[in-house]
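In what follows, a structure is listed as structure tokens, so that the remarks can point back to it.
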Amino acid sequence: MGYAAPSSALHGKRILLGVTGSIAAYKSAVLARELQRRGAIVRVIMTPGAIEFIAPLTLSTLTDHPVYSDFTENKDSGEWTNHVDLGLWGDVFLVAPATANTLSAFVQGSCDNFLQAVHLSSRCPVCVAPAMDLDMFAHQATQSNLATLANRGVGIIEPDSGLLASGLEGKGRMLEPAAIADWLEIWFYERAPLKGKRVLLTAGPTQEPIDSVRFIGNHSSGKMGFALARALVQQGAEVHLISGPVQLNDPAGVASIRRVQTAEEMMIAARENFHTYDIAIATAAVADARPKQRSFTKLHRNELPEVIALEPTPDILAHWGEQKKAHQTVIGFALETDDGVASAMSKLKRKNLDFIVLNSTADRGAGFGTDTNQITIFDPNGKAHKFELKSKTEVAQDIVQHLLNYLTL
Ligand code: C5P
């Protein structure tokens, strides 16, 4: 569905939604919708009991995907549903509502229905939202099952108190769908691998003034840097973005954004408190040189110099590499017009980088302005990781994944 704010911790998450046979199953439709609204991809598994309460067609229509409830997909052909694949697909197995019976089956490791088989074969974390009558919930057996599951690392989404389907009042109502989604968002956020990491990121071009209306610049759109900012936010990072002049809105969820024009201004922002950052990434296409002289008014045609003398701009990335302490990771980009391998490797060494991302305008769909990019990441030992042509959003996710692998080496 993908219409969520990308800052939601549920954005892009694959959620296996297990629905079991409680009256609260009618809320699963709203829950599936709410998870999708926040950017999650939802697949639904139902127990035979759940099907008595809500039609699989409702959930398959909402999630635009078949609902799984049985080992055999097609009784005539004998085609079967692979519970192992499903169990490996999810980032989380969320069982909502979870009946007392299913909780007990999870504790026992029973495999009496398809949902229980998925539970046993899943490698992802499991969260359960119990829903039952107050006495069933309070029963020692249920409480001890929940304690056992919690001990195993299962997330327990405590039920609410209130009016129950039985007419009694007490604790046992499944939490409302929006509250479950909130709970899951915090749960993912707490586990986000870059939680607590401060990232400094440069993006976009710089403009080096000739006079008050003209400048030396380049075609950088800032799209790669902004996509990277979003991908880092999604992994829980505290992102501080310094951007040259671009036509892009602030990426949702960044902690701060500073808009600058020149390399000098970018450098001033990039030096500030550099040692308080854990990670620094230079995606900006900083001008390598600027006019030695600039006019603060518009030069008339006859005043324009025949030759514009240039001087080098400060190299921000080289400065970071020089200042880098052991706790810091510094990543650079190299945009080349040929295959660029030698040049990327030399930048990586010269600027003391942890790794460098190479993109070449020689590759179709890569480089400035496009919505796609094709990259190769080089490690300091010269190892190359080549990626396919992808959207800049996916490329950003690949880079962040490489960073995560690098940090956990
Ligand atoms: O040497 P070159 O400019 O090609 O290196 C590219 C890398 O260095 C990019 O990561 C770019 O953001 C960074 N850079 C910088 N400051 C400069 C020039 C380049 O941070 N003045």
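The values are calculated or read from the model by the stated rules, or taken from the named source; none is laboratory data. Given the structure is predicted, the values throughout are model-derived calculations rather than measurements. Neighbour counts are summed over all protein chains in view; Cβ atoms, including those assigned to glycine, are modelled from backbone coordinates with ideal geometry. Just the protein is used for accessible areas: all its heavy atoms, side chains included, with ligands, DNA and RNA removed. Shrake-Rupley method; radii C 1.70, N 1.55, O 1.52, S 1.80 Å.
From the Cα gyration tensor of the range 177-275, with a ≥ b ≥ c the square roots of its eigenvalues, which class applies: rounded if a/c is under 1.5, or else prolate if a/b is larger than b/c, or else oblate?
Values: a/c = 3.67, a/b = 2.26, b/c = 1.62.
It is prolate, given that a/c is not under 1.5 and a/b is the larger ratio.
From the convex hull of the Cα coordinates of the range 14-190, what is the mean projected area in square nanometres? Don't jump to the answer; show the numbers that get you there.
Working: hull surface 38.4 nm².
That works out to 9.6 nm².
Have a look at the DSSP beta bridges in the chain and tell me what percent are antiparallel, nearest 5.
Numbers: 20 of 62 bridges.
Here the antiparallel bridges make up roughly 30 percent for the chain.
With r as the distance between the Cβ atoms of T72 and L407 and R0 = 60 Å, compute the FRET efficiency 1/(1 + (r/R0)^6) and round to 0.05.
On the way: r = 44 Å, r/R0 = 0.74.
Once rounded, the FRET efficiency stands at 0.85.
Below 27 Å, Cα to Cα, which lysines can K390 reach? Residues fewer than 8 away in the same chain don't count.
K13, K195, K197, K223, K347
If I model a spin label as a point 7 Å beyond the Cα along the Cα-Cβ vector, how far apart are those points for E190 and A255 in nm?
2.1 nm
Which loop-located trypsin sites (Lys or Arg not before Pro) does the range 158-254 contain, where loop means any DSSP state but H, G, I, E or B and the Cβ has at most 11 other Cβ atoms within 10 Å?
Numbers: sites: K171, R173, R191, K195, K197, R198, R214, K223, R230; in loops: K195, K197, R214.
Loop-located and lightly packed - none at all.
Using every Cα-Cα pair within the range 198-407, state what percent have a distance larger than 28 Å.
Numbers: 5638 of 21945 pairs.
The answer is 26 percent, as a whole percent.
Determine the calculated [θ] at 222 nm for the chain from helices alone, applying -39500 (n - 2.57) to every DSSP H run no shorter than 4 residues and normalising by the residue count; nearest 500 deg cm²/dmol.
Numbers: 14 runs with 133 residues, N = 409.
Value at 222 nm, helices only: -9500 deg cm²/dmol.
Taking amide H positions as placed in the peptide plane 1.01 Å from N, state which residues far from S221 in sequence (5 or more) or on other chains have amide H under 5 Å from it.
When sequence neighbours closer than 5 places are left aside, the close amide H contacts are G369.
What number do you get for the range 151-212 when its Cα radius of gyration is normalised by 2.2 N^0.38 Å, N = residues?
Details: Rg = 23.5 Å, N = 62, 2.2 N^0.38 = 10.6 Å.
My calculation over the Cα atoms of the range 151-212 gives 2.23.
Note down the net charge around E238, summing +1 for each Lys or Arg and -1 for each Asp or Glu among other residues with Cβ under 13 Å from its Cβ. Provide the component values of the computation, followed by the final result.
Details: positive: K195, K197, R198; negative: D278.
Residues close to E238 contribute a combined charge of +2.
For the chain, which whole-number percentage of the solvent-accessible area (1.4 Å probe, protein heavy atoms only) is attributable to carbon and sulfur atoms?
Details: 9710 of 19360 Å².
C and S fraction of accessible area: 50 percent.
Treating the angle as unsigned and between 0 and 90°, give the value, to the nearest 10°, between the Cα long axis of helix 223-234 and the longest Cα principal axis of the chain.
40 degrees
Rolling a 1.4 angstrom probe over the protein heavy atoms, how many square angstrom per residue are accessible across the range 163-269? Mind showing how you got there, number by number?
Working: 4520 Å² over 107 residues.
Per residue, the range 163-269 has 42 Å² of solvent-accessible surface.
Treating cross-link reach as a plain straight distance, find the lysines whose alpha-carbon is under 21 Å from the alpha-carbon of K351, omitting any fewer than eight places away in the same chain.
Reachable lysines: K324, K325, K383.
Only bridges whose two residues both fall in the range 229-368 count here: according to DSSP, what percent of them are antiparallel, nearest 5? Write out the running numbers ahead of the final one.
Details: 3 of 17 bridges.
For the range 229-368, the DSSP antiparallel bridge percentage is about 20.
Taking only Cα atoms and a 10 Å spring cutoff, compute GNM fluctuations for the chain and point out the largest among I45, I216, I180.
I216
How much length, in nm to one decimal, is gained on full extension between T148 and S212, taken as 0.36 nm per residue of separation minus their Cα-Cα distance? Show your work: numbers first, answer last.
Numbers: separation 64, 0.36 × 64 = 23.04 nm, distance 6.99 nm.
Once the chain is fully extended between T148 and S212, it gains 16.0 nm.
Going through the range 291-354, which trypsin sites (Lys or Arg not before Pro) have at most 11 other Cβ atoms within 10 Å and a DSSP loop state?
Values: sites: K292, R294, K298, R301, K324, K325, K347, K349, R350, K351; in loops: K292, R294, K298, K324, K325, K351.
Answer by residue number: K292, K298, K325.
Quick check: pseudo-label points 7 Å beyond the Cα along Cα→Cβ at R350 and R14, how many nm apart are they?
4.2 nm
Considering only DSSP states other than H, G, I, E and B, which trypsin sites (Lys or Arg not before Pro) in the range 36-140 qualify as loop sites with at most 13 other Cβ atoms within 10 Å? List each step's numbers first, then the result.
Details: sites: R37, R38, R43, K75, R123; in loops: R38, K75, R123.
Here the sparse-neighbourhood loop sites are K75, R123.
For the chain, take the longest principal axis of its alpha carbons; what is the angle in degrees between that and the long axis of helix 177-191, to the nearest 10 within 0 to 90?
On a 0 to 90 degree scale, this one is about 50.
Where Rh denotes the Kirkwood radius from the mean inverse Cα pair distance, what is Rg over Rh for the chain?
Numbers: Rg = 26.9 Å, Rh = 24.2 Å.
Rg/Rh: 1.11.
Just the number, please: percent antiparallel of the DSSP beta bridges in the range 84-175, rounded to the nearest 5. List each step's numbers first, then the result.
Numbers: 4 of 10 bridges.
Around 40 percent antiparallel, to the nearest 5.
To test your reading of the geometry: what angle, between 0 and 90 degrees and rounded to tens, separates the Cα axis of helix 28-37 from the longest principal axis of the chain?
The two axes meet at around 0 degrees.
Run the paramagnetic zone check for I308: 7 angstrom along Cα to Cβ, then residues of the range 193-226 with backbone nitrogen under 19 Å.
205-221
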